[in-house]
Each structure stands twice: as C-alpha cells, then as structure tokens.
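A.B. asks: Handing you this structure, nothing more for now.
Where a number appears in this text, it was derived from the coordinates with a stated rule and is not lab data. Please read all numbers here as calculations on a predicted model, not as lab measurements. Here the Cβ positions follow ideal geometry from the backbone for every residue, glycine too, while neighbour counts run over all protein chains shown.
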Amino acid sequence: MSSVDRLAAGPGLSALLRVELLLALRRGADIANPLLFFVTVLALLPLGVGPEPALLARMAPGMIWVVALLASMLSQESLFRSDFEDGSLEQLTLSPRPLYFAVLAKVAVHWLVTGLPLALLSPLLGLMLNLPAAGYFCLFVSLLLGTACLSLIGAVGAALTVSLRRAGLLLALIVMPLYVPVLIFGTGAVQAALDGYAYNVQLAVLAALLAVAAALAPLAAAGAIRISTDS
Amino acid sequence: MEFQFAGLADFLAMNGHGPYVWIAYGVTLLALAGLVIQPVLRRRRLQAALKRQQRIQQRRRSAEKRKRVAEPA
Amino acid sequence: MAWQWFHRLGSPRWFYWKTGAWLPWLAIASGLLLSAGSLWGLGFAPQDAKQGDSYRIIYIHVPAAFLALAGYYIMAISGAIGLIWKMKLSYLVMRAAALIGAVLTFISLFTGAVWGKPTWGTYWVWDARITSMLILLFLYIGVIALSRAFAREQVADKACAILALVGTVNIPIIYKSVDWWFTLHQPATIKLTESSSIDPSMFYPLLTMIIGFYCFYAWALLLHTRNLVLQREWRTNWAQQALADRTPAADR
C-alpha cells in the first residue's frame, strides 16, 4: 500500500503510524544499516586509540553518543526521500489534516526503527568499550530520550534538503550544530552516573529538550516540506 | 591621554606582544576589506555579463535586419 | 500611511536608489570610527596590568563577537519577515547577513585564538564562549551552504529562512548547554570568564570600535544587499540602467 492509497482512505494518526511502521519494517536494510554503522565505527575506535581498558572506559560515553548521533543523522536523509520521489509527500501537503501530525508520525517511526535499536544495542557496545557498570542504565535512558530529539531535529534538515539530489553532506552540515545541546546533556548524564552523582537533572533536561523539539520541530519540518514540494 | 610608547619601534614591538597584536589587526583588516571589495568585484562581473548580453542581442538584431533587407531582392 | 515606508522597502528598486545615498556616509563613519578607535586602542589606551599589550586585541575581538551574534538575529529576523510578508528584499538581506556574519564570527574566533597564545599559552582552549562561537560559525556556514544548494533561488530563500529561524530557537539553548558543559569540564588552573569592571580609559576606545563595527556592518550589509538586488533583477530595465551607472529620471 503506497502513501497515496492510504491518503485516499483518509487515515488517522494511528493508521498513519501503522502504515509508516509497516513500510519501514519492509525495508530491512534501513533498520540494519544504522546499527551496523554504529557497531563498525565503534569497533574502529580501539584500533585508532589503542586497546588500553582505562582509556577506552574514559572515552566510551562520549564516543558511543557521538557515533549514535552520526548513525541517527545518516539514516535521516531517506526520511522523506521516497515519499518525495513518488509524489505522496505533495499529496500529504494537500490533505486537510495538518501536516504536523504526518511529520510527527514519520519521525516517531524513524525513532522506532533507529533510535530505539541504537539505545538497545548501546549496553553491548558499552561492554566492548569497558564502560563501568554504573553507566549502563543511564546510557540507555539518555540514548532513548536523546535519539528521539535527534530524530525530530534531523527531520527539519531532511525536509529542507529533500528536493536536493545529493543532500547527505549538506544535511550533516546544517543539522550538526543543532545537535549540540542533546550531545552535551546526553554525555553529561552518563558522565555524572560514572562519577557517582545523581543524573536525573540531565535526563530531565533531555526530556525538556524532547518536549520542545516535539512541539516545534514538526512545525518547521512541515513548513520546509511545503517549500520543497512547491518547487 | 598620552601615547603609551616611547617611539615607533616600541609601538610596533608592543612589549613583545607585537606579532600577536599585529597579526590579529592585519587579518581583521583583510577580512573587512574583503567584505567591501567582494561586492565591487561582483558588480563588475555583472556589468561585464550585461555588456556581453547586449552585444549579442545587438548582433542578432542587425543580422535580422540584414536578412530582411536581403529577402525582397 | 505609516506603513507606506514598509511596503516601499519591499520594492528592490526603491531600496536600491534610496540606499545609494547612504553608502558614502556609512563608509566615512565606519572608516573614521574604526581607524580612530584602533589608533586609540593600540597606542593611547593604557596597558593592561596582567596581560600586557596583547589585551589590545580586545578592541577588535569584542566588537566582532558582538556583531557576529547580533548578525544572526538580523539574518533570522529578515528571513522571518520574508516568510511572513513574502517580501523578496528581506531574503536578500538575509543572504547578505549570512556571509557578513560568518566573516565576523571568523574574525572573532581568529583574534581570540591569537590573543590566547600570549595570555593562556595556547591558541585554542575549549572555553564556553569560544566553543559557542565555533558553533555559531557552523550555523552560519549551514545557512550559506543551504542557500547555494538549490537551483531555484526562491526555494533557497525560504529554506534558509526556516533554517535561520530554527537556529534562532536553538542559540540560547546551545549557549546555556555549552556553558554548563564548560563548568563541568573546567580545568582548575585556567580562569577565563572574569567579570571585572573595565576602566573608562580602556572602555571609551572599545565603545568607539563597537560603534564603528556597527557602522561597518550596516555599510557592508547595504553593499551586499544592493548587489544581490542587481543580480536578481538584472533582466529588468532599471537594473540594467543601474549597472550602467545611469539613474532613471523617475528614481532621482
């Protein structure tokens, strides 16, 4: 069922979510590739800096976060791509339903197939990088919240560049600076956990960022989609 | 308010910090000058492009006129 | 009636001829203020007790940093005006502001690094303000890169306006988070953020330079915007006359 068909049926938000999820699950590579990227790049780290356990443990929270950020961003380019190419993105802009919810549904699905698996996989990588036991839970929760933020912010960049043929590097260029707060508070939380401090403040800030991003990012992305499909 | 240095050489040396101060001011001057010069250069390029376009149009127009003159004969 | 100037401002042609008269004044003002301020700061302001003469870089570093930040808001506000009132001219202001802002951010970063060497013994420290400035530079570069990526300039205009607005929402968050990050990692030996009151004999030249930079910014912004106007309108009759340095009677 293509995006055009489901529009003719007049779907609600939950139907939209279901269909998007189905479409995403069918493209297995889209789920597997970011995860493989995540594991491969982190496997390169000890090769680059040496296998000394103490050094790896010190770098682990930051590196896991940075690579998760890259993995999430690289998968973002295709967020609206196929819908733009087959014209269903333009159909969405014509639908009476606010574009906001359609974008939100797409972002939610993007997070379900990239952010959530990344967070689930992170303890394994923590293990490989000798992350101390105190950090695991915090790493998992911070990634859970943080990748949702990244998916939302990245959606704006993806919507802005969807009409460009080779958008990959440009997308990275415009989205990276916007990721900074998420990265800082994500790694900050894990570091606090490792140092034995309370980390709920950092997680609360991440949750607050998520709330703001959920309110504003789909609006900006919807505006960007209207501009991109207008051309 | 008085001049803080004994002479020009002293002024340039800045008590050992000369290179840093002058590099900072020099690069700033270059960057600011670049900001002013860039529009001038671009304007010139536009002018050249416009002239070229007008010349091409002129040539096309005169060629058409010649053709029109030649046809009745 | 009161809004007439606003609608007129939306006309690139009116803008072009109106601002032509301002250019020499802005050029003179910025030239005078900047050279007087530099001379004052370099030669006549007293030496700093702790940093010696390297502190004299402050007279370009601080004004450039000021305008780099203010420039982002100027860029974003012009973009917003373009989106809301569909004013073509304000997109051109936005494009001009992006380039100028990026150059000013670079200046403030460069002078900061050069200042850092004699003062802290290193060109680059990951200090909160330096890091924020670096991210600001990336934000500017993102807007410039996006503006050049599209084949159709009208699409690029709107896309950049949205990106600039998203960046505006983010800037305070970025600043706060980088600030927090720095206090987390602050090495005990280096203390950079010292809020001490500045002596008037050092402050007046700084004020002169700040005003001079503002004048220069206005001058450069007008120069660049006027050029972008000509570039975009160059098929029209009036723009061709403007390029040939002839003022049509209607615009005199």
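A.B. asks: Mind checking which helices in chain A clear 24 Å along their axis (Cα) and have mean Kyte-Doolittle hydropathy of 1.6 or more, DSSP H runs only?
C.D. replies: For chain A, where a helix must reach 24 Å along its axis and average at least 1.6, the hits are A:28-49, A:136-161, A:168-194.
A.B. asks: Using the count of nearby Cβ atoms within 10 Å as a rough guide to exposure, how do A:Asp83, A:Asp195, A:Asp30 rank from fewest to most?
C.D. replies: The most exposed by this proxy come first: A:Asp195, A:Asp30, A:Asp83.
A.B. asks: Let me ask you something else. If you average the C-alpha positions of segment C:67-131 and of segment A:42-83 separately, how far apart do those two centres end up, in angstrom?
C.D. replies: 30
A.B. asks: Next up: Given Cβ point charges of +1 (Lys, Arg) and -1 (Asp, Glu) and nothing else, what value in debye, to the nearest 20, does the dipole of chain A about its Cα centre take?
C.D. replies: 120
A.B. asks: Using +1 at the C-beta of Lys and Arg and -1 at the C-beta of Asp and Glu, which of C:Thr131, C:Gly10, A:Leu164 has the Cα lying farthest in the positive direction of the dipole of the protein assembly as shown?
C.D. replies: Of C:Thr131, C:Gly10, A:Leu164, it is C:Gly10.
A.B. asks: Then there's this: At 7 Å along the Cα-to-beta-carbon direction for both A:Val201 and B:Leu41, put a label point, then send me their distance in nm to one decimal.
C.D. replies: Roughly 5.0 nm, to one decimal.
A.B. asks: Can you bin the protein assembly as shown into rounded, prolate or oblate? Criterion: square roots of the alpha carbon gyration tensor eigenvalues sorted a ≥ b ≥ c, rounded for a/c under 1.5, prolate for a/b above b/c, oblate for the rest.
C.D. replies: oblate
A.B. asks: 222 nm [θ] for the protein assembly as shown, helices only, -39500 (n - 2.57) per DSSP H run of 4+, per residue, to 500?
C.D. replies: The per-residue figure over the protein assembly as shown is -27000 deg cm²/dmol.
A.B. asks: Sticking with the crude label model, points 7 Å out along Cα→Cβ, report the distance from C:Tyr123 to C:Asp245 in nm, one decimal please.
C.D. replies: The answer from the label model is 4.2 nm.
A.B. asks: Looking only at A:Arg81, A:Arg165, A:Arg58, which one moves most when chain A is put into a Gaussian network model with springs between Cα atoms under 10 Å?
C.D. replies: Comparing A:Arg81, A:Arg165, A:Arg58 in the GNM, the peak value goes to A:Arg165.
A.B. asks: Identify, among A:Leu56, C:Trp219, C:Trp180, the residue whose Cα sits farthest towards the positive end of the charge dipole of the protein assembly as shown, taking +1 on the Cβ of Lys and Arg and -1 on the Cβ of Asp and Glu, with the dipole about the Cα centre.
C.D. replies: Working it through, the farthest residue towards the positive pole turns out to be C:Trp219.
A.B. asks: Continuing with the same structure: Which residue, B:Gln57, B:Gln47, B:Gln38, tops the fluctuation ranking in a GNM of chain B built on C-alpha contacts under 10 Å?
C.D. replies: Taking springs between Cα atoms under 10 Å, the residue moving most is B:Gln57.
A.B. asks: Right, another one. When a/c reaches 1.5 or more, the comparison of a/b and b/c decides; with that in mind, is chain C rounded, prolate or oblate per its Cα gyration tensor?
C.D. replies: Cα axes put chain C in the oblate bin.
A.B. asks: Working from Cα positions, state the angle (0 to 90°, nearest 10) between the long axis of helix C:128-149 and the longest principal axis of chain C.
C.D. replies: Once rounded, one gets 20 degrees.
A.B. asks: Take C:Ser35, project a point 7 Å from its Cα along the Cβ direction, then tell me which residues of segment B:16-39 have their backbone nitrogen under 11 Å from it.
C.D. replies: none
A.B. asks: Oh, and also: Provide A:Ser142, A:Ser163, C:Ser11, B:Ser62 in ascending order of the number of other Cβ atoms located within 10 Å of each residue's Cβ, fewest first.
C.D. replies: Listing A:Ser142, A:Ser163, C:Ser11, B:Ser62 from fewest to most nearby Cβ atoms yields B:Ser62, C:Ser11, A:Ser163, A:Ser142.
A.B. asks: Ranking A:Ser122, C:Ser177 by Cβ neighbours within 10 Å, fewest first, what do you get?
C.D. replies: Lowest count first: C:Ser177, A:Ser122.
A.B. asks: To continue, here is another question. Helix C:58-85 sits at what angle to the longest principal axis of chain C, using alpha carbons and giving 0 to 90 degrees rounded to 10?
C.D. replies: Around 40 degrees separate the two axes.
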